[in-house]
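K.L.:
One structure coming up, written as structure tokens, with questions to follow.
The values are calculated or read from the model by the stated rules, or taken from the named source; none is laboratory data. What you are looking at is a predicted structure, and each value in this text was computed from that prediction instead of being measured. Using ideal geometry, Cβ is built from the backbone for each residue, glycine included, and neighbour counts are taken over all protein chains shown. SASA here: full protein model, heavy atoms, side chains in, ligands and nucleic acids out. Shrake-Rupley method; radii C 1.70, N 1.55, O 1.52, S 1.80 Å.
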Amino acid sequence: QVQVVESGGGLVQPGGSLRLSCSASGSIWKIIAMGWYRQAPGKKRELVATSGRSTDYADSVKGRFTISRDNAKNSVDLQMNSLKPEDTAVYYCNVVAQVTTTPLNYWGQGTQVTVSS
């Protein structure tokens, strides 16, 4: 099994910054990709940023958010700058990992990010 744990959410004013962290542990043979998704109330879960063979960002966060991955530690961070109220959501860490030969998706429990004055 693979455990995914996030940390770093909270309340921040518009224009502020937050850093989210995520680590994966367990019987991991290989991690294919790590990334962040978010889900706002009444909306579908959406991709924020991912780091695999390439690094991709949602258009809405390009230039403001930066994803960084530490392969040695099986961890990924999301640095969020110039936060806007529309960034308010529960942020989930996603890990695509192989325990055997089949890659599977693993999710963290989510961390709340609230951008408000």
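K.L.:
Among 7, 17, which is closer than 15 Å to residue 114 by Cα, of a type in the set (S, T, N, Q) and either under 11 Å from the mean Cα position of the chain (by Cα) or open to solvent by less than 60 Å² (accessible area, probe 1.4 Å) (or both)?
P.N.:
7
K.L.:
Considering only residues of the stretch 84-113 that are modelled with pLDDT under 95 and open to solvent by less than 40 Å² (accessible area, probe 1.4 Å), which is farthest from the chain's Cα centre (by Cα)?
P.N.:
Among those residues, the one meeting the criterion is 98.
K.L.:
Given 35, 15, which one is modelled with pLDDT of 95 or more and either among the polar types (S, T, N, Q) or in a strand (DSSP E or B) (or both)?
P.N.:
35
K.L.:
Does residue 23 count as in a loop (DSSP other than H, G, I, E, B) and at pLDDT 95 or above?
P.N.:
No.
K.L.:
Moving on. Is there any pair with a first residue in the stretch 49-76 that is farther than 11 Å from residue 35 by Cα and a second that is at pLDDT below 95 and outside any strand (DSSP E or B) whose Cβ atoms are under 8 Å apart and which are 6 or more apart or on different chains, and what are they?
P.N.:
Final answer for the pair search is 74/28.
K.L.:
Continuing with the same structure: Name the pairs whose Cβ atoms lie under 7 Å apart, with the first residue in the stretch 14-25 and free of Cβ contacts under 8 Å to residues at least 60 places away in the same chain, the second in a strand (DSSP E or B) and among the small types (Gly, Ala, Ser), and 6 or more positions between them or separate chains?
P.N.:
Qualifying pairs under 7 Å: 21/7; 21/75; 23/75.
K.L.:
With (1) assigned to a helix (DSSP H, G or I); (2) within 18 Å of residue 15 (Cα to Cα) as the list, and residue 72 as the residue in question, which single condition is left unmet?
P.N.:
Single failed check for residue 72: (2).
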